[in-house]
1. Are any residues in region 164-196 part of a loop (DSSP other than H, G, I, E, B), more than 23 Å from the chain's Cα centre (by Cα) and either over 22 Å from Ser101 (Cα atoms) or small (Gly, Ala, Ser) (or both), and if so, which ones?
2. Would you point out the residue of region 150-159, among those that are in contact (Cβ under 8 Å) with a residue 60 or more places away in the chain and closer than 16 Å to Leu135 by Cβ, that is surrounded by the fewest Cβ atoms within 10 Å (Cβ to Cβ)?
3. Give me a count of the residues in region 125-149 that are surrounded by fewer than 16 Cβ atoms within 10 Å (Cβ to Cβ), of a type outside the set (Lys, Arg) and part of a strand (DSSP E or B).
4. Can Lys122 be described as in contact (Cβ under 8 Å) with a residue 60 or more places away in the chain, farther than 23 Å from Val65 by Cβ, surrounded by 13 or more Cβ atoms within 10 Å (Cβ to Cβ) and not aromatic (Phe, Trp, Tyr)?
5. Scan (1) within 27 Å of Ala191 (Cα to Cα); (2) touching a Ser or Thr at 6+ places or on another chain (Cβ under 6 Å) for the single condition Ala153 breaks and write down its number.
Amino acid sequence: REFCIGAEQYPTRSGARSRLSTGDCTTGWDVLGAALVASDNRGAMSLAAAADMHLDEFVGRMNRVSVELGMTRSSWVDPSGLEDENLSTARDIAKATVAVSYHPVLQPVASAPFWDLWRSNKAYVRRLNSTDHLLGREDLQVETAKTGYTDTAGYTFTTVLRTESGRHLAITLLGADGKLTRWADMGRILAWVDRA
């Protein structure tokens, strides 16, 4: 459904970036794409409004889904993941990523190289590019992926992919010191997997 983004969808953490503005009218599908493909924080915060739920109700549902997925060491306080009170482990994040790789609605979004963001109050479609650097590699089939960053967690990345040799892998990296470090770490892991 179409809805308009309000000031209440703005993340409280300073420095949170977004390509969505207060008053933009769009759909739940488009804020999902903005959140998953381009790591748009306001897109993530708008998911509750898109689902016609109060933020606390939406976060409660996030926590229930985590339990259903067996993510026993995870708890959430906001949809964007920006607040330090959001807690998880690499194993739990990998469980969520594997679940997304099998989900018929989420999987195509979480592996898209770009997202064309439609807003009914704008005369143009805005293209948002993926933050996943692996999508351009011809030797990998990325089934799902998500980047992340907070000051506390560092640079993060989680993915389910298939290598050229046919290996099916779920990999989650947490705590990289720099934006490029996570991609160097992924390169080393993939090179090690090919030798194993």
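1. Ser165, Gly166, Ala196, listed by residue number.
2. Among those that are in contact (Cβ under 8 Å) with a residue 60 or more places away in the chain and closer than 16 Å to Leu135 by Cβ, it is Thr158.
3. Of the residues in that region, 2 qualify.
4. Numbers: in contact (Cβ under 8 Å) with a residue 60 or more places away in the chain: yes; farther than 23 Å from Val65 by Cβ: yes; surrounded by 13 or more Cβ atoms within 10 Å (Cβ to Cβ): yes; not aromatic (Phe, Trp, Tyr): yes.
Answer is yes for this residue.
5. Condition (2) is where Ala153 drops out.
Values in this text are rule-based calculations from the coordinates and carry no lab data. Worth saying up front: this structure is predicted, and the values here are computed from it rather than measured. Positions of Cβ are backbone-derived with ideal geometry, glycine not excepted, and every protein chain shown enters the neighbour counts.
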